[in-house]
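The values are calculated or read from the model by the stated rules, or taken from the named source; none is laboratory data. Predicted, not measured: the structure shown is a model, and the values here were computed from it. Neighbour counts are summed over all protein chains in view; Cβ atoms, including those assigned to glycine, are modelled from backbone coordinates with ideal geometry. The area values use the complete protein model at the heavy-atom level, side chains included, leaving out ligands, DNA and RNA. Shrake-Rupley method; radii C 1.70, N 1.55, O 1.52, S 1.80 Å.
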Amino acid sequence: MGDFKEHVLFGLFFAMIFMYLLKEVVSLTTWEISLGFIMIFLGSVMPDIDHKNSYVHRAVKAFTSITAALAISIIAPLDFLYRYMAAAITFITVYLGISKIKIKHRGFTHTITFCTLVTSFTILLSTLFLQTAVPGIALGLGILSHLVLDREFKF
Ligand SMILES: [Zn+2]
């Protein structure tokens, strides 16, 4: 249940309620609020990476293939023409490779375990590098809102 737009809207709604409830307790900087919104957006659509036809899945597939092709075209010690061919082959291989992976619809990325792991990891990284836990918490809220909308509460 829930398409891309519904998940984003519900994620933002979920975050608004959370922020409203905590408005007396925490005060966020503009920077934290902006980052938080981006992370809620990402989190609210992230679990659908395991849906073959989802927008997120296709976006990640395109992004990964293009990045791999670009990386090859930069690092390959070849002449221009071969470099170009190597990049094209890499693009096709990665793209088809990802398409071949058999992923379970509403599998691991739709579990509380996935949410907890990704949230803890992001809180750790954001605290280390940005001195704020807000991006990690926002990502967690986004993922949680997705699971709520999909009604998936398995571990
Ligand atoms: Zn989903």
Only residues in segment 27-51 that are assigned by TED's automatic domain parsing to the domain that holds Leu139 count as the first member; pair them with residues that are part of a loop (DSSP other than H, G, I, E, B) and modelled with pLDDT of 90 or more, Cβ under 9 angstrom, at least 6 apart or cross-chain, and list the lot.
-> Leu28/Thr132; Thr29/Thr132; Trp31/Thr132; Glu32/Thr132; Leu35/Thr132; Pro47/Thr111
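Determine if segment 49-62 includes at least one residue that is among the small types (Gly, Ala, Ser), surrounded by 12 or more Cβ atoms within 10 Å (Cβ to Cβ) and farther than 21 Å from Arg151 by Cβ. Quick ask: steps written out before the conclusion?
Filtering segment 49-62 for residues among the small types (Gly, Ala, Ser) gives 54, 59, 62.
Retained after the next criterion (residues that are surrounded by 12 or more Cβ atoms within 10 Å (Cβ to Cβ)): 54, 59, 62.
Checking the rest, the ones that are also farther than 21 Å from Arg151 by Cβ come to 59, 62.
Yes: segment 49-62 contains one or more residues that are among the small types (Gly, Ala, Ser), surrounded by 12 or more Cβ atoms within 10 Å (Cβ to Cβ) and farther than 21 Å from Arg151 by Cβ.
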Of the residues in segment 108-125, those that are open to solvent by less than 40 Å² (accessible area, probe 1.4 Å) and either under 15 Å from the mean Cα position of the chain (by Cα) or among the basic types (Lys, Arg) (or both) come to Thr109, His110, Thr111, Phe114, Cys115, Val118, Thr119, Thr122
Just checking, which of Ala62, Ala138, Ala87 is away from the ligand (no atom under 16 Å from the Cβ), assigned by TED's automatic domain parsing to the domain that holds Ile38 and not in a loop (DSSP other than H, G, I, E, B)?
-> Ala138
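For segment 95-114, check the following and say yes or no: at least one residue is assigned to a helix (DSSP H, G or I) and closer than 17 Å to Phe18 by Cβ. It would help to see each step written out before you state the result.
Within segment 95-114, the first condition is being assigned to a helix (DSSP H, G or I), and the residues that meet it are 95-100, 108-110, 112-114.
With closer than 17 Å to Phe18 by Cβ added as a condition, the list becomes none.
No, there is no match, as no residue in segment 95-114 is assigned to a helix (DSSP H, G or I) and closer than 17 Å to Phe18 by Cβ.
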Contact list, first residue from segment 92-107 and open to solvent by less than 100 Å² (accessible area, probe 1.4 Å), second anywhere and modelled with pLDDT under 85, beta-carbon distance below 6 Å, six or more apart or interchain, is none
How about segment 24-48: which of its residues are surrounded by fewer than 19 Cβ atoms within 10 Å (Cβ to Cβ) and among the small types (Gly, Ala, Ser)?
-> Ser27, Ser34
